[in-house]
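Chemist: I have a structure here, written as structure tokens, and I will follow up with some questions on it.
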Amino acid sequence: MKNIAIIPARSGSKGLKDKNIRSFDGKPLLAWSVEAAVSSGCYDTVHVSTDSEEYAKIAREFGADVPFLRSAALSGDTADSWDVMTEVLNRYAALSGEFDTLTILQPTSPLRSGEDIIRAFELYREKNADAVVSVCEADHPPEWYQPLGENGELSAFDRSERTEKRRQEFETRYRINGAVYLISVPYFREDPHHIYRGKAFAYIMDKRSSVDIDDLSDFELAELLHRQRLGKLS
């Protein structure tokens, strides 16, 4: 089985400047995903999809393969992630042939480890899956969320199930955490925008490993959890 990991790392960021190469415990953020992919031993190719030669150089320094940059058409902040994956697969197909699986590893999930990737592959094989996607338990039941009135009134909360049930009585819910998307390439090519339609299974991760960095507070939280994990905090 021939496998590729794709780490999408567009340059620039509206929420946090140069987020993908910002120093995270001494290394550029994207480096942690590259190293997790390499250390897992699961991939023939670890590719960073970027529109920046600076980012590409950093990615190569940490072990990624970046023989081409992302096209200008897919480098804007509204670019479709699935179209980006298709572009990468097509470019590699022309260079060295088709892959059997692709795994999307977002660089904004630095607490995902090589062991998480290995376990996702184990589940993929065990279930004979079309796709395995990482999730974690949701922080709160969706029934707890209600709209506010025009002037900030809380009247909707008076009618919510929160007033009638304890937390333990709600069904456990999960959210996609963005850390691992492992997908059969033939399955993906059939319908890239609907990866949950077939035999798609959840790889459950703990919440402490599931921080998806969007802004500075997320970044600081993820770095704190990472340093705690390594015993760097007294």
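The values are calculated or read from the model by the stated rules, or taken from the named source; none is laboratory data. Fair warning: this is a prediction, and the values are worked out from it, not measured in the lab. No Cβ is skipped: glycine too gets one built from the backbone with ideal geometry, and neighbour counts run over all protein chains shown.
Chemist: Before we move on, is residue 46 out of contact with any Phe, Trp or Tyr (no Cβ under 8 Å at 6 or more places or on another chain) and surrounded by 24 or more Cβ atoms within 10 Å (Cβ to Cβ)? Full working, then the answer.
Modeler: Values: out of contact with any Phe, Trp or Tyr (no Cβ under 8 Å at 6 or more places or on another chain): yes; surrounded by 24 or more Cβ atoms within 10 Å (Cβ to Cβ): yes.
Taking the combined requirement at face value, the residue satisfies it.
Chemist: On the given criteria, is residue 71 among the polar types (S, T, N, Q), surrounded by 16 or more Cβ atoms within 10 Å (Cβ to Cβ) and in the same structural domain as residue 192 (by TED's automatic domain parsing)? Write out each step before concluding.
Modeler: Values: among the polar types (S, T, N, Q): yes; surrounded by 16 or more Cβ atoms within 10 Å (Cβ to Cβ): no; in the same structural domain as residue 192 (by TED's automatic domain parsing): yes.
So residue 71 fails the test.
Chemist: Any residue at all in the range 98-108 that is of a type in the set (Phe, Trp, Tyr) and in contact with a Ser or Thr (Cβ under 9 Å, 6 or more places away or on another chain)?
Modeler: The answer is yes; a qualifying residue exists.
Chemist: Report, by residue number, each residue of the range 1-40 that is basic (Lys, Arg), part of a helix (DSSP H, G or I) and either without any contact (Cβ under 8 Å) to a residue 60 or more places away in the chain or not assigned by TED's automatic domain parsing to the domain that holds residue 120 (or both).
Modeler: Pass one, the range 1-40, residues basic (Lys, Arg): 2, 10, 14, 17, 19, 22, 27.
Filter again for part of a helix (DSSP H, G or I), leaving 19.
Across the range 1-40, there are no qualifying residues.
Chemist: Need the failing condition index for residue 120 against (1) under 30 Å from residue 20 (Cα atoms); (2) of a type in the set (Gly, Ala, Ser); (3) at pLDDT below 95, just the number.
Modeler: Single failed check for residue 120: (3).
Chemist: Hey, could you check the range 62-98 for residues that are in a loop (DSSP other than H, G, I, E, B), of a type in the set (D, E, K, R) and in contact with a helix residue (DSSP H, G or I) (Cβ under 7 Å, 6 or more places away or on another chain) and say which is modelled with the lowest pLDDT? Give the derivation first.
Modeler: Here is the first cut: in the range 62-98, the residues in a loop (DSSP other than H, G, I, E, B) are 62-64, 66-71, 75-80, 97-98.
Add one more test, that the residue is of a type in the set (D, E, K, R), and what stays is 70, 77, 80, 98.
If we keep only those that are in contact with a helix residue (DSSP H, G or I) (Cβ under 7 Å, 6 or more places away or on another chain) as well, we get 70, 98.
Working: 70: 93, 98: 96.
Ranking the qualifying residues of the range 62-98, first place goes to 70.
Chemist: If you take the residues in the range 41-58 that are in a helix (DSSP H, G or I) and hydrophobic (A, V, I, L, M, F, W, C), which one is nearest to residue 69 (Cα to Cα)? It would help to see each step written out before you state the result.
Modeler: First, pick out the residues of the range 41-58 that are in a helix (DSSP H, G or I): 53-58.
From what is left, the residues that are hydrophobic (A, V, I, L, M, F, W, C) are 56, 58.
Details: 56: 8, 58: 13 Å.
The residue in question is 56.
Chemist: Take residues that are surrounded by fewer than 20 Cβ atoms within 10 Å (Cβ to Cβ) and touching a helix residue (DSSP H, G or I) at 6+ places or on another chain (Cβ under 6 Å) and tell me which of the helices (runs of 4 or more DSSP H) falling wholly in the range 114-224 contain 2 or more.
Modeler: 114-126
Chemist: Continuing with this model, one more query. Before we move on, is residue 108 surrounded by 22 or more Cβ atoms within 10 Å (Cβ to Cβ) and either modelled with pLDDT under 95 or under 25 Å from residue 184 (Cβ atoms) (or both)? Show your work before the answer.
Modeler: Values: surrounded by 22 or more Cβ atoms within 10 Å (Cβ to Cβ): yes; either modelled with pLDDT under 95 or under 25 Å from residue 184 (Cβ atoms) (or both): yes.
Yes, satisfied.
Chemist: Additional query: In the range 36-83, what residues are in contact with a strand residue (DSSP E or B) (Cβ under 7 Å, 6 or more places away or on another chain) and acidic (Asp, Glu)?
Modeler: Correct list: 44, 65.
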